[in-house]
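No lab work stands behind these numbers, since they all come straight from the coordinates. Because the structure is a prediction, the values reported are computed rather than measured. Please note: Cβ atoms are built from the backbone with ideal geometry, for glycine as well, and neighbour counts cover all protein chains shown.
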Amino acid sequence: MSSLRATSKIHPVTLSCDGLWKVFGSQVEKLRQNADLMAMSAHERGQALRDDGYIVGAEDISFSVHAGELFVIMGLSGSGKSTVLRCIAQLQQPTFGHVMLDGVCLDTMPEAELREIRRRKMGMVFQNFGLVPHFTALQNIAFPLKVRGESRANIMAKAEEMLKLVGLEGRGNAFPSELSGGQQQRVGIARSLAVDPEIWLLDEPFSALDPLIRRQLQDELIELQSRLKKSIVFVTHDFSEAVRLADRIAIMRDGRMVQLGRPADLLLRPADDYVTSFVRDVSRLQVLRLEDVMTPASKAPNDFKNAVSLDGKTTLEKCLIDLAPGQKHIIVTGYQGKIIGHFTRDHLLQIANNEGEK
């Protein structure tokens, strides 16, 4: 299993949004000076802004992304997910609230310093690949390094390294028109990684691709993340994609965050009918892991003498496939093989039966 989901110590926060709002309309810049508006609760403020004809693209959004975490923001079209991402990158300035990177406030930073942050600490990948058509793949990857002023030798060495990293070794002289959609997106990914970003922002990067290529690139992203351990904010409208990739998911609706949690939290404890509609068709066997459904315990029950030990990160589907026919009891282990709980075959079969009745 990829170390993307490996048990680890608590990471320091590298990115956070605190009470983030993005409001669209006339004279938005004067809203901060409205003392009555600023004194309102988030719900009252949102309603007042809408009553006055403003469009609220993001409403009181707060979350933190830890070092090495793949954090997904998902929702339907118009939910505000891409607006939040653009505010993080400061491509749109928040109306209220703050975006912090390594303890530094981005939304009050001078533009010249922001440009340096984007050049040296941020990598961005968008749905439209954004490649320069008259540049080769290698030249596209090298471009941000050239803008940063690095030496030609370093630029070419890094560009070749990134080309190999995304599986396009030998295709460096190809122009975008000579590459498939999946290959073009790989070039976009390589270009964004060339600057060795501290935070990696991906806005529906695979949604324009056919399902087979999309799943392949998801696999490659998981593999890349297992090696690079980047802090990633990934935007998608596809819940199946979200649960496949994410350490945690924030679901948005009409500019608001509806629920934030691990994929298992959303599957087992959806906050409302809106979240329930997303998780309805997702296979619990493929998403849930033993640690999500086990009985927590620091030692095995007395009747578990012949139990098999399995890592808590094992999915229920894999457990169902690998478990020997006569094996009834499972000891669930965590970091360094420590017992964290137990589970029974009957419980596993019950979940499988419920899956089939959906």
**Q.** Residue among Val308, Gln336, Ile351 farthest towards the positive dipole end of the stretch 286-356, charges placed on Cβ
**A.** Gln336
(Q) What distance in nm lies between label points placed 7 Å from Cα along the C-beta direction at His237 and Asp219? (A) 2.7 nm
Q | GluC sites (Glu not before Pro), loop per DSSP, at most 11 other Cβ atoms within 10 Å - longest free stretch of the chain | A | 170-356
Q: Could you give the size of the charge dipole of the chain about its Cα centre, using +1 on the Cβ of each K and R and -1 on the Cβ of each D and E, expressed in debye and rounded to the nearest 20?
A: 840 debye
Q: Count charges around Asn154 for me, please; just the other residues with Cβ under 15 Å from its Cβ, Lys/Arg as +1, Asp/Glu as -1.
A: +2
(Q) For the chain, set up a GNM with springs between Cα atoms under 10 Å and report which of Leu212, Leu114, Leu245 has the largest fluctuation. (A) Leu212
Q) Which percent of Cα-Cα pairs in the chain sits in each 20 Å bin, short to long? A) 26, 51, 22, 1
**Q.** Extension reserve of the Asp265-Ala297 stretch, reckoned as 0.36 nm per residue once the Cα distance is removed
**A.** 9.5 nm
Q: Enumerate the aspartates and glutamates that Lys158 could reach by cross-link, defined here as Cα to Cα under 20 Å, with residues fewer than 8 away along the same chain left out.
A: Glu116, Glu150, Glu169, Asp196, Glu198, Glu220, Glu223
Q) Out of Thr95, Thr108, Thr14, any idea which swings most in a Gaussian network model of the chain, alpha carbons joined below 10 Å? A) Thr108
Q | Spacing of the two label points (7 Å from each Cα toward its C-beta) at Asn354 and Lys146, in nm | A | 5.7 nm
Q. Among the aspartates and glutamates, which fall within straight-line cross-link reach of Lys338, defined as a Cα-Cα distance under 17 Å, with same-chain neighbours fewer than 8 residues apart omitted?
A. Glu291, Asp292, Asp311
Q | Farthest toward positive dipole pole in the chain [+1 Lys/Arg, -1 Asp/Glu at C-beta], among Leu179, Ser151, Gly19 | A | Ser151
Q. Helix 345-356 sits at what angle to the longest principal axis of the chain, using alpha carbons and giving 0 to 90 degrees rounded to 10?
A. 50 degrees
**Q.** Two-decimal Rg to Rh for the stretch 147-235 - Kirkwood Rh, Cα set
**A.** 0.96
Q.
About the Cα centre, and with charges only on the beta carbon of Lys, Arg (+1) and Asp, Glu (-1), how big is the dipole of the stretch 286-356? Nearest 20 debye, please.
A. 260 debye
**Q.** Within the stretch 317-358: Cβ-based charge dipole about Cα centre, in debye rounded to nearest 20 (Lys, Arg +1; Asp, Glu -1)
**A.** 180 debye
Q.
Only Cα pairs within less than 10 Å get springs; with that Gaussian network setup on the chain, which residue of Ile321, Ile199, Ile155 has the largest fluctuation?
A. Ile321
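What percent do you get for the relative contact order of the chain when only Cα pairs under 8 Å and 6+ apart count? Provide the component values of the computation, followed by the final result.
Values: 621 pairs, mean separation 66.3, N = 358.
Rounded, it is 19 percent for the chain.
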Q: Could you list which residues have their amide H under 5 Å from that of Ala58, counting only those 5 or more apart in sequence or on another chain, with H placed in the peptide plane?
A: Lys22
**Q.** Estimated inter-spin distance, Glu160 and Ser283, nm [label 7 Å along Cα→Cβ]
**A.** 4.2 nm
(Q) Taking R0 as 45 Å, what FRET efficiency do you get between Glu113 and Gln47 from their Cβ-Cβ distance, rounded to the nearest 0.05? (A) 0.80
Q | Reachable lysines from Lys318, criterion Cα separation under 19 angstrom, eight or more residues apart if same chain | A | Lys328
